[in-house]
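Asker: Before anything else, here's the structure in question.
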Amino acid sequence: MLRKKILSSLLFAVASMLCAGCGSPSHSDTLSAAQAQAISQQVSHAVAQALSNASASHPLLAEQSARSLSAALGDIRWDQSSACTVSGTGQSCNFPLSASVPCPGGGTVSVSGDIQGMLNSSGTGSFDTQITITPANCTVSNVTFNGAPDVTIAGTINITNTAPSFPVTLLEGGGISFGPNPSGSCQLNVTYTLNSLTSCTVSGTVCGKPVNGSC
């Protein structure tokens, strides 16, 4: 009887070791709330930089790293001749967006796209924006992320008297992969609400984690 008990205990111990990971993953595939927030902020910063680069009236903005999204949008001259074609009824404009922003721990976040639309003779109209954000080994808050395949932002910007009409809402989607620990892939579902030239808020989720704050 004692021999059977010892054998049973040994078999149980071996089975426990072999199945140490049964019922749960062997690694975490979930970002922390702080990492999700850091990723969101890095993407927002890159988009703000691309908007700053599109402002021909302020060429030195490309060297400024702390521009907010709303302030960068307000710096664009919506009737500037270099981006607009004049017609009999107004102007058709296209502002190309481009930036490559370094990340704190290495890697970059690249931005491409444009803002295009029409203004009538009084400087009123609307513009649509389509932006693609491509992270490449961007490291923030001890996690490295890449596009899977990329992140996108889209929205409409209404213009009155050659100035943005607030609020402006931009929607962010797409996916990323991240690692090395935790590692995985996930989706972004974020809304940027620009309320004025000095107020921009972020809300939504990154990898299922709530994100918020200013942009």
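Asker: Can you give me the distance in nm between label points at N158 and A33, each placed 7 Å from the Cα along the Cα-to-Cβ direction?
Answerer: Computed distance between label sites N158 and A33 equals 3.6 nm.
Asker: Label the range 73-121 by shape, choosing from rounded, prolate and oblate, from the square roots a ≥ b ≥ c of the eigenvalues of the Cα gyration tensor; if a/c is under 1.5 it is rounded, and otherwise prolate applies when a/b is larger than b/c, oblate when it is not. Mind dumping the intermediate values first?
Answerer: Values: a/c = 4.59, a/b = 3.38, b/c = 1.36.
Prolate, because a/c is 1.5 or more and a/b exceeds b/c.
Asker: Using the Karplus curve 6.51 cos²θ - 1.76 cosθ + 1.60 with θ = phi - 60°, work out ³J(HN,Hα) for each residue of the range 158-174 in order, rounded to whole Hz, and write x for Gly and Pro.
Answerer: 8, 10, 10, 6, 6, 9, x, 9, 8, x, 10, 10, 10, 10, 10, x, x
Asker: Please rank C103, C93, C84, fewest neighbouring Cβ atoms within 10 Å first, as an exposure proxy. Intermediate values should be presented prior to the final figure.
Answerer: Details: C103 21, C93 25, C84 18.
Ranked by crowding around the Cβ, least crowded first: C84, C103, C93.
Asker: Could I ask something else about it? Can you tell me the alpha carbon radius of gyration of the range 31-214 divided by the globular rule-of-thumb value 2.2 N^0.38 Å? It would help to have the intermediate numbers written out before the result.
Answerer: On the way: Rg = 16.7 Å, N = 184, 2.2 N^0.38 = 16.0 Å.
This ratio for the range 31-214 stands at 1.04.
No lab work stands behind these numbers, since they all come straight from the coordinates. These numbers were taken from a predicted model, which means no experiment stands behind them. Quick reminder, even Gly has a Cβ in these numbers, built from the backbone with ideal geometry, and neighbours come from all protein chains shown.
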